[in-house]
1. Just counting partner chain Cβ atoms within 10 Å, what average do the residues of peptide A:120-130 show around their Cβ?
2. More than 25 angstrom separation, counting every C-alpha pair in the protein assembly as shown; what % is that?
3. Using a 10 Å cut-off around each Cβ, can you sort A:Arg68, A:Arg82 from fewest to most neighbouring Cβ atoms?
4. Tell me, what ³J(HN,Hα) does each residue in the stretch A:53-64 have, in order and in whole Hz, if you take phi through Karplus 6.51 cos²θ - 1.76 cosθ + 1.60 with θ = phi - 60° and put x for Gly and Pro?
5. Could you compute Rg(Cα) / (2.2 N^0.38 Å) for the stretch A:1-130, with N its residue count?
6. Averaged over peptide A:22-31, how many Cβ atoms belonging to another chain are found within 10 Å of each residue's Cβ?
7. If I take every Cα pair under 8 Å that is 6 or more residues apart in the stretch B:17-147, average their sequence separation and divide by the length, what percent do I get for the relative contact order?
8. Could you run the Debye sum over the Cα atoms of the stretch A:59-101, one equal point scatterer each and no solvent, and tell me log10 of I(q)/I(0) at q = 0.24, 0.30 Å⁻¹, two decimals?
Protein chains: 2
Amino acid sequence: MHDEQHKLDFESSLGPWLGKTTKIMDYYLHEALQKQGLDLTKEQMIVLKKLHDNDGLNQNELAFLTFRDKSSLARLLSKMERKDYILRKQSAEDKRNNEVFLTPEGREVFKRTKPVMKSLMRTMEKDITSEEKKRVIEILKRVQHNFTAETATL
Amino acid sequence: MHDEQHKLDFESSLGPWLGKTTKIMDYYLHEALQKQGLDLTKEQMIVLKKLHDNDGLNQNELAFLTFRDKSSLARLLSKMERKDYILRKQSAEDKRNNEVFLTPEGREVFKRTKPVMKSLMRTMEKDITSEEKKRVIEILKRVQHNFTAETATL
DNA sequence: TAACATTAGTTGCATGTGCAACTAATCAAT
DNA sequence: ATTGATTAGTTGCACATGCAACTAATGTTA
């Protein structure tokens with residue numbers, strides 16, 4: 001009885017459900033990328049996306065935008081540079097900064113990931129109305145805000 | 001115009017919102033555990049939870065329940081064994097199986113994580129009604145089902 | 001029973017992650 | 001201008017992850 005109650009507490013929390021759903025999504029996302037022969041991880045795809053939206057960002061900005069440690073981002077970029085998806089260019093104004101640019105190969109790969117993502121999103125949202133999506137996203141925004149507001153307090 | 005439309009497509013998808021929210025949650029979860037001096041990762045906590053619910057599971061079952069590769073789980077267990085949170089006991093009936101048990105230390109640590117999790121969940125769900133939570137969870141269940149049903153088809 | 005297949009677990013390899021310590025460049029202040 | 005603080009990026013370390021190849025034990029079948 002006691003145990004059941006406690007289990008229910010956990011199960012009725014958003015946290016575990018978010019975690020598990022994301023894990024499953026990541027798994028099928030990875031599978032979809034592999035299946036299309038795209039030599040790319042989810043994380044690298046996110047970086048490509050940010051550069052696609054705003055080419056020439058420096059590593060610091062990219063780390064912030066992708067919510068990553070700068071060291072983690074640096075290593076992501078190294079792998080992407082080896083694959084010729086991006087290139088680092090030291091800024092002339094401030095030699096500490098590396099501006100990061102998409103290469104034509106990077107653009108091409110990102111272009112090829114778009115339909116894969118579209119298809120994956122279609123699958124995952126199959127029976128979910130646009131009203132429901134909007135409501136979920138609105139709540140997720142509030143959750144994010146609750147965390148970031150919490151820190152501001154500390 | 002074109003770009004904006006495409007950007008909106010991405011932003012109105014559940015995927016990126018789930019991913020980002022989970023990333024933020026994991027970050028604060030990790031921070032909360034550290035702050036309480038709990039020598040434990042989120043992943044190790046999940047394993048403790050499953051063992052708390054069902055002690056003596058073997059590694060295969062644990063891997064399935066936690067949605068992990070068996071190799072990943074094996075390494076998690078090795079670290080948890082070093083910290084004396086769990087112990088492996090070779091099954092007498094089938095010597096291939098390792099039954100995994102919580103140690104008293106493991107039980108104690110899990111007990112101490114519970115209030116941390118409770119507090120974190122309270123923070124993240126601060127302004128979210130129980131009705132909203134239920135609706136979100138129901139939709140996440142459908143998302144999960146959409147993925148797993150998809151695979152069954154392949 | 002001997003040969004083959006399956007199963008549980010481990011290990012090598014490559015990926016991604018954050019923290020802390022480091023270098024190099026720039027900024028600030030005396 | 002020299003000294004000290006800050007900033008961008010890199011690297012060492014420890015952790016988590018999946019796949020593929022491996023071992024050991026069990027099951028199956030001829």
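Coordinate-derived values only; no laboratory data. Note that the coordinates shown come from a computational prediction; the quantities given were computed from them, not determined experimentally. Using ideal geometry, Cβ is built from the backbone for each residue, glycine included, and neighbour counts are taken over all protein chains shown.
1. Across the residues of A:120-130, the mean count of other-chain Cβ atoms within 10 Å is 5.
2. For the protein assembly as shown, the fraction of Cα-Cα distances above 25 Å is 58 percent.
3. Working: A:Arg68 18, A:Arg82 9.
Final ranking by Cβ density, sparse to dense: A:Arg82, A:Arg68.
4. Computed from phi, the couplings for the stretch A:53-64 are 6, 7, 5, x, 4, 8, 5, 4, 5, 4, 4, 5 Hz.
5. Normalised Rg, Cα atoms only: 1.34.
6. 5
7. Contact order relative to length: 23 percent.
8. Relative scattering, expressed as log10 I(q)/I(0), comes to -0.84, -1.10.
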